[in-house]
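What follows is a single structure, written as structure tokens, with notes after it.
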Amino acid sequence: MKEHSYRLYALIILMIQISIHASKAQYTIPPRMEWWYEARFGMFIHFGSYSYLGHGEWAFSEENWTKSAYQTQVSANFNPSDFNAGTIARLAKNAGMKYLVITAKHHEGFCMWETDVQSFKDITGTTMYDLPDYTAFGTRDILQELKDSCEAQDIKFCLYYSILDWNHSSQEINRHTYYSNMASESARTDYIADMKVQLNELITRYHPAVMWFDGDWTYNAGSPTLSSWWTKSDGEDLYNYLRSLDTAVIINERVCRSFSLGDFDCPEKEVPDTPLNRPWETCQTMNNSWGYKIWDQNYKTPATLIREMVKVVSRDGNYLLNIGPKGDGTVPEQSVKVLNQIGEWMAVNSESIYAATRSPFASEPVWGYYTKKPGKLFAHVFEWPDNGILKIPSLVNSIKKIYTLTETTTSISFADSNGYIRLSLPDTAPDPMNTVFVLDVSGIPEASSEFIKVTDIVITGENGAKTIDTYGGSLQLSATAYPLDATDNTVSWTVSDTNVACIDAEGLLTAKQDGTITVTAVANDESDIRGRLRITISNQTTGDQQFRDQTTVRIFPNPNEHGILNIIQTGKPKSELVIYDIYGCPVMKHVISEKSFSFDISSLSTGFYTIRISDDASVFIHKLIKS
Ligand code: JFZ
């Protein structure tokens, strides 16, 4: 059993070492992706004929619309006459966004540009199912307008395209998979060919910097079926086709997800726990919807969104934040408000985001996140430490200067010793939401490995015990800090409820009353690593009952300012005297060997204490005021 657990620990330590190693290994970024990797923050725009209905981009499926009803009652009424590309591009620019991805065609099949591919028609087969041809909007090309406005703002223009198409005559929506079923194998072949012609239109007309695919989710790695008709080889073919049209275009993994195709991963609405092994981007909504939803006012705060963006960058990802314009083309007021607030923070702090990469450290601090770039480590403090000190693991680099992005000319004083850089903080955070500290260093910030930190703590009771069921009993706990060669492997002990039990500096737990407590051992190496163990305490007496055998012990004179306690016990003498402070923690101890003895308390500072004289069978408790 012991042998097994040692093997397990060895394995865990090995795994930790591998993961630390893995987090250091950077992937290489191909030159055509450098701008994207440095951009870090982009705008997603879900805009289509669904925006008119205002029930989200999935309304066709969720509300069981037929093709003809959807076309005539939703799409035909879409008229984004107030769409202002300049306003949207400036909104993105002010928020600090460097690229913008707009839906050219979502699952509903409605095309936001004038397509010439004849099969993309309405159900009557007479009218092209696109914005200029199918609506009263007119001949404006909003993709071109937006591309031009983006270029004026130095924002990269990108397009989203859905592989599945709930409207196309080759397909019918599958109300179970939410995908579409193909009418036949030949319909599939024709549709894919037509889709490629459409993509050719998009690439040659608009030269999107990124093609962002979706609607690939019944993918399979084998042969197509009519319900799972998009395959891995279709995805590979699509990728190669697009790259043949434009050698620079960046393509997401959803040309056929889960096969590591494309140029980057897209964990949707979530942030991976650690950096991935290739570039990635988290897309996120500001409320709960991508496409405009009239009733969705559940907006995240700017603080929440900024924190998520920083977390993403600290783990080496990009952040694509969505807006869903209304049917008239205007952006919901609350989205504008939130983006402007993000912009205010970015105006001061964007240096810590653009071209910044993952944290150089294997674990994340309790107060926030790190990002870095050559010559700079950024410490993003979301929770201001109340002890006035910010602790950062030491770097191999020499530190030239430390300051905040809020006040770049004021130097922050610091000390670097014993594996930590300690910054002296002002009392209040310059930016309560996220103050960014900059450590100006020489070279690329890299964690120092001179001090080996604790990564795990395991607590065990004597002989494996997890209970105390003796009246006034105690249990010796021990903490093993891993790795075993940690520079400082000592711990400090605390218990969750000092009314139930208390613990001394050596891990001796003494019961006071029945209950369950959690014992915590905190690493003294300041790594903030904690080990925990639940302990059950039973058979204790509480309150007045503890005084039940006070007749056996006399303390005189009644303790006050006297420096000496005289103790006389009648009956069987007890074995131990412990004095506790008001927090229930032992401050003095004495092993009793005689019925009567004197005890020197002159070293105690003034205050309230409890004297506890006990043996295995019973306990005597007396209040002590030292003045
Ligand atoms: C897709 C779309 O269906 C949705 O409307 C929106 O456009 C979004 C950006 O992408 O939805 C997805 C795609 C992927 C996952 C979940 C929803 N996923 O990988 O978990």
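The values are calculated or read from the model by the stated rules, or taken from the named source; none is laboratory data. What you see is a predicted model; the values in this text were computed from it and never measured. For neighbour counting, all protein chains shown are included, and Cβ atoms are generated from backbone atoms with ideal geometry for every residue, glycine included.
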Log entry, pairs with first residue in the range 255-267 being hydroxyl-bearing (Ser, Thr, Tyr), second being within 12 Å of the ligand (Cβ to nearest atom) and in a loop (DSSP other than H, G, I, E, B), beta carbons closer than 7 Å, six or more apart or on different chains, reads 258/219
From the residues in the range 368-391 that are assigned to a loop (DSSP other than H, G, I, E, B) and in contact (Cβ under 8 Å) with a residue 40 or more places away in the chain, which one is surrounded by the fewest Cβ atoms within 10 Å (Cβ to Cβ)? 374
Lone qualifier among 149, 170 - being over 21 Å from residue 107 (Cβ atoms) and either of a type in the set (Ser, Thr, Tyr) or surrounded by 18 or more Cβ atoms within 10 Å (Cβ to Cβ) (or both): 149
Residue that is farthest from the ligand (Cβ to nearest atom) [pool: residues in the range 110-126 that are under 27 Å from residue 151 (Cα atoms) and not hydroxyl-bearing (Ser, Thr, Tyr)]: 116
If I filter the range 357-364 for residues that are modelled with pLDDT of 95 or more, assigned to a strand (DSSP E or B), surrounded by 17 or more Cβ atoms within 10 Å (Cβ to Cβ) and among the β-branched types (Val, Ile, Thr), do I get at least one hit? yes
Name the residue, out of 319, 299, 292, that is of a type in the set (Phe, Trp, Tyr) and away from the ligand (no atom under 15 Å from the Cβ). 299
Residue list for the range 249-287, filter: within 14 Å of the ligand (Cβ to nearest atom) and assigned to a strand (DSSP E or B): 252, 264, 265, 268, 280, 281, 282, 283, 284
Please give the strands (runs of 3 or more DSSP E) falling wholly within the range 170-215 in which 1 or more residues are aromatic (Phe, Trp, Tyr). 210-214
Criterion violated by residue 335 - all others in (1) over 30 Å from residue 75 (Cα atoms); (2) part of a helix (DSSP H, G or I); (3) free of Cβ contacts under 8 Å to residues at least 60 places away in the same chain satisfied: (1)
Residue 154 touching a His at 6+ places or on another chain (Cβ under 8 Å), closer than 30 Å to residue 83 by Cβ and not aromatic (Phe, Trp, Tyr): no
Residue hits (the range 418-455; of a type in the set (Phe, Trp, Tyr) and farther than 30 Å from residue 485 by Cβ) are 437
